[in-house]
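Notes to accompany the following structure.
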Amino acid sequence: MRVVIAEDLVLLRDGLIRLLQAHDFEVVAAVDNGRDLLEALVRHRPDVAVCDVRLPPTFTDEGLRAAIEARRRLPGLPVLILSQYVEQLYARELLSDSAGGVGYLLKDRVADVGQFVDAVRRVAAGGTAMDPDVIAQLLARHSRDKPVTALTPREREVLSLMAEGRSNAAVAARLFITEKAVSKHTNNIFSKLGLLPAEDDNRRVLAVLAYLNG
């Protein structure tokens, strides 16, 4: 699996390279600024991009802007954003085109190697990998938005865990309910969000996008 990395901190960038290579990823480019990131993404067309939001020269949103522009040029390009902070606007911008795998993790999640590698693979496969802290803040900010308000508290819990990329079995284990109950909740979520019958994986992604986009 081919990956492009964008991170300006040398130690973290080298650590990401070694970590991903140790798990059979091919790092085709590792850059430290937004301009080089966009060029690398367009040139290499990787299976997934792992990039920081804030890159030189201004350390504001160069990484995110480069990722969004790359997804404009290469629709569906999977992107996993790493950030030091929960930046709600950035998460919403990334999700706005509703195409391809997307993820947003806080950098301290990288310390859990297994979960981080799983998140990279999940995004590359077209799924989602959203940090629980990002989800919590987005939910708080958009608690009055529709159609999310139509969901019951339990359905919101299920959707929140879906946004983390958890399977029905994992959701059931986390909430101490049966998989059958999770399936019922997800079907209710799809219905309330107006998602017509289709492949479940696709509807799960669309439901998460609707939830995070408000």
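The values are calculated or read from the model by the stated rules, or taken from the named source; none is laboratory data. Just so it is clear, the model here is predicted, and its values are computed rather than measured. So basically every Cβ, Gly included, is an ideal-geometry build from the backbone, and we count neighbours across all protein chains shown. All accessible areas refer to the heavy atoms of the entire protein, side chains included, with ligands and DNA or RNA removed. Shrake-Rupley method; radii C 1.70, N 1.55, O 1.52, S 1.80 Å.
Odds and ends about this structure:
- The residues listed here are ASP145, ASP108, ASP118; of these, the one that is modelled with pLDDT under 85, of a type outside the set (Lys, Arg) and either more than 19 Å from SER83 (Cα to Cα) or assigned to a helix (DSSP H, G or I) (or both) is ASP145.
- LEU74 being buried (at least 17 other Cβ atoms within 10 Å of the Cβ) and modelled with pLDDT of 90 or more: no
- The range 16-50 - residue that is of a type in the set (Gly, Ala, Ser) and modelled with pLDDT of 95 or more and, of those, most open to solvent (accessible area, probe 1.4 Å): ALA22
- When LEU212, LEU206 are checked against the criterion of being open to solvent by 50 Å² or more (accessible area, probe 1.4 Å), at pLDDT below 75, not charged (D, E, K, R) and not in a loop (DSSP other than H, G, I, E, B), a single residue qualifies: LEU206.
- Scanning the range 148-174 for residues that are open to solvent by 30 Å² or more (accessible area, probe 1.4 Å) and not in a loop (DSSP other than H, G, I, E, B) turns up THR149, ALA150, PRO153, ARG154, ARG156, GLU157, ASN168, ALA169, ALA170, ALA173, ARG174.
- Pairs where the first residue, in the range 108-122, is open to solvent by 80 Å² or more (accessible area, probe 1.4 Å) and the second is not in a helix (DSSP H, G or I), C-beta under 7 Å, 6+ apart: ARG109/ASP131
- Residue check for ALA70: of a type in the set (A, V, I, L, M) and over 18 Å from ASP112 (Cα atoms): yes
- All told, LEU9 meets the bar of being at negative phi and open to solvent by 70 Å² or more (accessible area, probe 1.4 Å).
- Meets criteria (modelled with pLDDT of 65 or more, over 16 Å from VAL102 (Cβ atoms) and surrounded by fewer than 17 Cβ atoms within 10 Å (Cβ to Cβ)) for LYS192: no
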